[in-house]
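Step one of this worksheet: look at the structure below.
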Amino acid sequence: MPKAKNSEGKSKEEKGQKKAAGGARAIWSGAIAFGLINIPVKLFSATQEYQLSFNQLRRGDLSRIKYLRVAANDGQEVPYEDIIKGYEIEEDVYVVIDEEDIKQASPKKTQSIEILTFTNEDEIDSIYFEKPYYTAPDKTSARAYVLLREALKASKKVAVCKFILRTKENLAILKAEGDALILNQIRFQSEIRERDHLDLPGGEAMKDKELELALNLVEQLTEPFDPAQYRDTFTDEIKQIIEQKAQGIDVTAMAAAKPEATDEDDLLKILQASLEKSKTSVDA
């Protein structure tokens, strides 16, 4: 079996970790507009991916698959610096739009995080949350930054705001978290799909005794949330599979059986067994 080699001797994962360790880079700069106060800030991504990066290969010889940007007119490859944005107003007729045009659409919006109102965070359903960013103030705006942060802490409110990143206007909440103001991008109502078509069962499908046992099980398994105790173990298991295959070990025999749905006729009995198991685990 041919072996895939990396010409630079390092995996993409290792390169990504090295890049991340080299320091964060701001992805946006502008100002938080708080009433008549403007607080110049920079945005930094607050998350990073922990997953394996796979290359696409040809089955026969493990040759890398490459994707080229080519022009439809002549099939020629187009350098990245020669690629521009265009909006098709009719078939094959485009209006070219560049970054300056986008800024001209609303100079204030493209350079500010505009606070619209304040609200309680628990009024926002988790389905709306999308991506968090750290904000950091310029040296000249430290006092105003601290003022907004402490006002949010004292009021126990979050600020609902809008900002434009690249070419899209986004809804977000600004929240005080420790010494930072975290901008959490949230989805617009129009981006949430309806669920009427899912044919979801009503409460009549449940028995009172089943609910009682389920609530006991929930209570038994309840503990304070500590994100540090959770980690992506599946990626580690994939790494183990990769190492075993690299050593020529057949991993097909290790495949686990697909979980089967619980027989609803046995639901009460299984709830009781789950509760007993949970109690035994806590006592141990």
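The values are calculated or read from the model by the stated rules, or taken from the named source; none is laboratory data. Note that the coordinates shown come from a computational prediction; the quantities given were computed from them, not determined experimentally. Every residue, glycine as well, gets a Cβ built from its backbone with ideal geometry; the counts of neighbours run over all protein chains shown.
The set of residues from the range 112-147 being in contact (Cβ under 8 Å) with a residue 12 or more places away in the chain, more than 20 Å from Phe34 (Cβ to Cβ) and not in a helix (DSSP H, G or I) comprises Phe129, Glu130, Lys131. Six or more apart or on different chains, Cβ under 8 Å: which pairs go from a residue in the range 150-163 that's surrounded by fewer than 21 Cβ atoms within 10 Å (Cβ to Cβ) to one that's of a type in the set (Lys, Arg)? Could you list them? Note: pairs meeting the criteria are Leu152/Lys175; Lys162/Lys109.
When each of Asp232, Asp250, Asp266 is tested for being in contact with a Phe, Trp or Tyr (Cβ under 7 Å, 6 or more places away or on another chain) and either farther than 24 Å from Tyr50 by Cα or not small (Gly, Ala, Ser) (or both), the lone residue that passes is Asp232. Put simply, of Ile182, Ile241, Ile186 the only residue that is under 28 Å from the mean Cα position of the chain (by Cα), under 30 Å from Thr47 (Cα atoms), without any contact (Cβ under 8 Å) to a residue 12 or more places away in the chain and surrounded by 11 or more Cβ atoms within 10 Å (Cβ to Cβ) is Ile241.
Cβ separations smaller than 7 Å between residues 6+ apart or across chains give the following pairs from the range 45-56 residues that are exposed (fewer than 12 other Cβ atoms within 10 Å of the Cβ) to residues that are part of a loop (DSSP other than H, G, I, E, B) and modelled with pLDDT of 90 or more: Gln56/Ile65.
Listed here are the residues, each with its yes/no results for (1) under 28 Å from Glu49 (Cβ atoms); (2) of a type in the set (D, E, K, R); (3) surrounded by fewer than 18 Cβ atoms within 10 Å (Cβ to Cβ); (4) more than 17 Å from the chain's Cα centre (by Cα).
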| site | (1), (2), (3), (4) |
| --- | --- |
| Phe118 | no, no, yes, yes |
| Phe129 | yes, no, yes, no |
| Leu148 | no, no, no, yes |
| Ala176 | yes, no, no, yes |
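For Arg69, state whether it is surrounded by 10 or more Cβ atoms within 10 Å (Cβ to Cβ), of a type outside the set (Phe, Trp, Tyr) and either touching a Pro at 6+ places or on another chain (Cβ under 9 Å) or farther than 29 Å from Ala151 by Cα (or both). So Arg69 fits the description; yes. Is it the case that some residue within the range 189-196 is touching a Cys at 6+ places or on another chain (Cβ under 6 Å) and of a type outside the set (S, T, N, Q)? So far as the range 189-196 goes, no, none of its residues is touching a Cys at 6+ places or on another chain (Cβ under 6 Å) and of a type outside the set (S, T, N, Q). When the range 205-229 is filtered for residues that are over 20 Å from Gln51 (Cβ atoms) and aliphatic (A, V, I, L, M), the ones remaining, listed by number, are Ala205, Met206, Leu211, Leu213, Ala214, Leu215, Leu217, Val218, Leu221.
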